[in-house]
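Inspection log for the structure reproduced underneath, given as structure tokens.
What follows draws every value from the coordinates through simple rules; no lab data is involved. Just so you know, these numbers come straight off a predicted model, no measurement behind them. Because the Cβ atoms are built from the backbone with ideal geometry, glycine has one as well, and the counts that use them run over all protein chains shown.
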Amino acid sequence: MEDVRVFSAGDNLQRFGGAQKVMVDVHNGIKKRYQAKVLGRCSFEEIDENYGIKRGEYHKLVNPLSLKNAVVLIHARKLATYYHILNKLFFLNLRLIYVSHNIYENLKCVTFLPKNIVSISDKVTKNLVEYFNIPKDNITKIHNGIRDKASMQRAVKIDSSFIQILYPARINDVKRQVEVVKFLKGKLKKNVCITFAGAGPKECELRSLITGDSNFHFLGFVKNMEPVISDSDYIMLFSKKEGLPISLMEGVRDGKPLIINDVGGNLEIGKPDENAFVANNWEDLLSVVNNLPFRFEPEYLRRSEMSLELFERNFKYEDMIHKYCTLINNVACGGRNVKQD
């Protein structure tokens with residue numbers, strides 16, 4: 001269906017974010033099959049360079065009529081209402097597909113969602129059905145996916161008596177890095193180090209808290225995370241809310257066990273007692289972090305193998321793209337979404 005135009009619509013492209021990265025990944029996967037472009041409202045020069053969007057693949061929305069008869073993959077909730085209004089106002093005959101990346105509990109009365117919806121996790125699906133009253137038949141679950149790096153060299157750890165935990169996330173209140181440090185500070189074993197990778201509004205406060213403390217380390221924003229993940233023993237997130245975190249997928253792709261709480265789609269990537277240690281309160285978190293198996297121990301190796309198996313089964317990039325193409329083809333031909341689980 002090379003004649004089908006597909007726009008991937010995102011918001012806040014000026015800063016690097018998880019949902020926007022998934023949007024670009026999907027765009028890159030479908031662009032050989034459709035006339036595909038990334039759709040935004042900022043200028044090309046304002047886009048964060050880390051997305052790697054090419055000038056010829058970006059369409060700044062100036063004239064709504066330029067979208068007429070196209071398929072639009074919407075990757076931000078507020079844009080769903082925006083494109084719904086544009087579609088009605090200008091008679092654009094758009095085929096709208098909303099990709100829900102997170103759980104929402106507000107603005108229900110002013111949110112207009114199209115008939116075709118993608119959910120990235122079971123909890124997002126539950127939120128769409130129970131809060132937004134979306135019929136389950138209108139929802140297609142498509143896990144986020146990332147490219148396989150199984151052939152890359154994994155680091156050989158020299159000091160196996162030291163536990164390195166990586167916390168890769170934007171530094172803000174939702175991801176709770178500052179809260180984590182405040183609670184764990186002075187309570188961790190000497191051979192445990194939590195490394196924070198990311199940037200954001202709480203960065204200065206985090207830096208100040210961990211200065212001079214050997215249990216914590218700060219890297220800032222890292223463009224290429226693969227070597228950092230490879231050098232780590234565990235990947236950790238203890239957020240207030242999540243969608244389906246790419247950082248956890250990158251960890252299981254490299255065979256890393258996870259340290260997580262039960263929010264968003266975390267438990268679809270990290271399975272309790274299989275490849276993940278789950279802590280749902282602060283005391284549990286402290287207990288988990290201070291009692292982790294070392295990389296050479298059988299329990300670590302078992303969980304590492306489970307991470308690899310879960311990645312192969314659920315989070316392959318090619319599987320994600322195939323499911324999006326199946327959905328786009330169906331919607332472009334006038335149908336609704338089709339179940340692909």
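Give a quick list of trypsin sites (Lys or Arg not before Pro) in region 35-73 that DSSP marks as loop, anything other than H, G, I, E or B, with at most 15 other Cβ atoms within 10 Å. Kindly include the intermediate steps, with their values, before the conclusion.
Numbers: sites: Lys37, Arg41, Lys54, Arg55, Lys60, Lys68; in loops: Arg41, Lys54, Lys68.
For trypsin sites (Lys or Arg not before Pro) across region 35-73 that sit outside H, G, I, E and B with at most 15 neighbouring Cβ atoms in 10 Å, the list reads Arg41, Lys54, Lys68.
What number, rounded to the nearest 500 deg cm²/dmol, is the helix-based mean residue ellipticity at 222 nm of the chain, given -39500 (n - 2.57) per DSSP H run of at least four residues and division by all its residues? Write out the running numbers ahead of the final one.
Details: 11 runs with 111 residues, N = 341.
Mean residue ellipticity, 222 nm, calculated: -9500 deg cm²/dmol.
When only C-alpha pairs under 8 Å and at least 6 residues apart count, what is the relative contact order of region 9-159, in percent? Intermediate results must be reported in sequence, preceding the final value.
Working: 205 pairs, mean separation 26.0, N = 151.
Once normalised by length, the contact order is 17 percent.
Please list, or write none, the aspartates and glutamates whose alpha carbon is within less than 12 Å of the alpha carbon of Lys108, excluding same-chain residues fewer than 8 places away.
The qualifying aspartates and glutamates are Glu130.
Would you mind checking Lys123/Lys323; Lys54/Lys240; Lys78/Lys240 for any pair whose Cα atoms are more than 27 angstrom apart? Could the numbers behind the result be given before it?
Numbers: Lys123/Lys323 19 Å; Lys54/Lys240 34 Å; Lys78/Lys240 21 Å.
Over 27 Å apart, Cα to Cα: Lys54/Lys240.
Taking only Cα atoms, what is the 0 to 90° angle, nearest 10, from helix 298-314's long axis to the longest principal axis of the chain?
0 degrees
Going highest first, how would you order 244-257, 85-98 by mean Cβ packing within 10 Å? Write down the numbers at each step before the final one.
Details: 244-257: 24.6, 85-98: 17.6.
Put in order of decreasing packing, that is 244-257, 85-98.
Output wanted: per-residue J couplings in Hz (rounded whole) for region 18-35, from phi through Karplus 6.51 cos²θ - 1.76 cosθ + 1.60, θ = phi - 60°, x for Gly and Pro.
x, 4, 5, 5, 4, 4, 5, 4, 5, 4, 5, x, 9, 5, 7, 9, 9, 7
If the chain between Ser66 and Ala199 were fully stretched, how many nm would it gain, using 0.36 nm times the residue separation less the Cα-Cα distance?
Details: separation 133, 0.36 × 133 = 47.88 nm, distance 3.59 nm.
Gain on stretching Ser66 to Ala199: 44.3 nm.
When only Cα pairs under 8 Å and 6 or more residues apart are kept, what is the percent relative contact order across the chain?
Values: 644 pairs, mean separation 55.1, N = 341.
Relative contact order, the chain: 16 percent.
Could you rank the peptides 7-13, 171-177 by their average count of other C-beta atoms within 10 Å per residue, with the highest value first?
Details: 7-13: 23.0, 171-177: 20.1.
Answer by packing, highest mean first, reads 7-13, 171-177.
Using modelled amide H (1.01 Å from N, peptide plane; none on Pro or chain starts), what sits under 5 Å from the amide H of Leu166, excluding residues fewer than 5 places away?
Thr195, Asp233, Tyr234, Ile235, Met236
Where nothing but the Cβ of Lys and Arg (+1) and of Asp and Glu (-1) is charged, how large is the charge dipole of the chain around its Cα centre, in debye to the nearest 20?
1060 debye
Among Phe296, Pro245, Ala169, flag the residue with its Cα farthest along the positive direction of the charge dipole of region 163-314, charges on Cβ as +1 for Lys/Arg and -1 for Asp/Glu.
Of the listed residues, the answer is Ala169.
Using only alpha-carbon positions, what ratio does the radius of gyration of region 249-326 give when scaled by 2.2 N^0.38 Å?
Details: Rg = 13.9 Å, N = 78, 2.2 N^0.38 = 11.5 Å.
Normalised Rg, Cα atoms only: 1.20.
Over all directions, how big on average is the projection of the convex hull of the alpha-carbon atoms in region 187-301, in square nanometres?
Values: hull surface 29.5 nm².
Here the figure is 7.4 nm², rounded to one decimal.
Once the mean 1/r over all distinct Cα pairs of region 101-217 is inverted, what Kirkwood radius in angstroms do you read off? Walk me through the numbers before you get to the answer.
Values: mean 1/r = 0.0555 Å⁻¹.
After inverting the mean inverse Cα-Cα distance, the result is 18.0 Å.
Could you tell me which residue out of Ile120, Val278, Ser208 lies farthest along the dipole of the chain toward its positive end? Charges go on the beta carbon: Lys and Arg +1, Asp and Glu -1, centred on the Cα centre.
Checked the options; the winner is Ile120.
What size of dipole, in debye to the nearest 20, comes out for region 146-293 about its Cα centre when the only charges are +1 on Lys and Arg C-beta atoms and -1 on Asp and Glu C-beta atoms?
Dipole about the Cα centre, nearest 20: 320 debye.
Return the tail of the calculated pair distribution for the chain, meaning the percent of Cα-Cα pairs more than 31 Å apart.
Numbers: 20367 of 57970 pairs.
Of the Cα pairs, 35 percent sit more than 31 Å apart.
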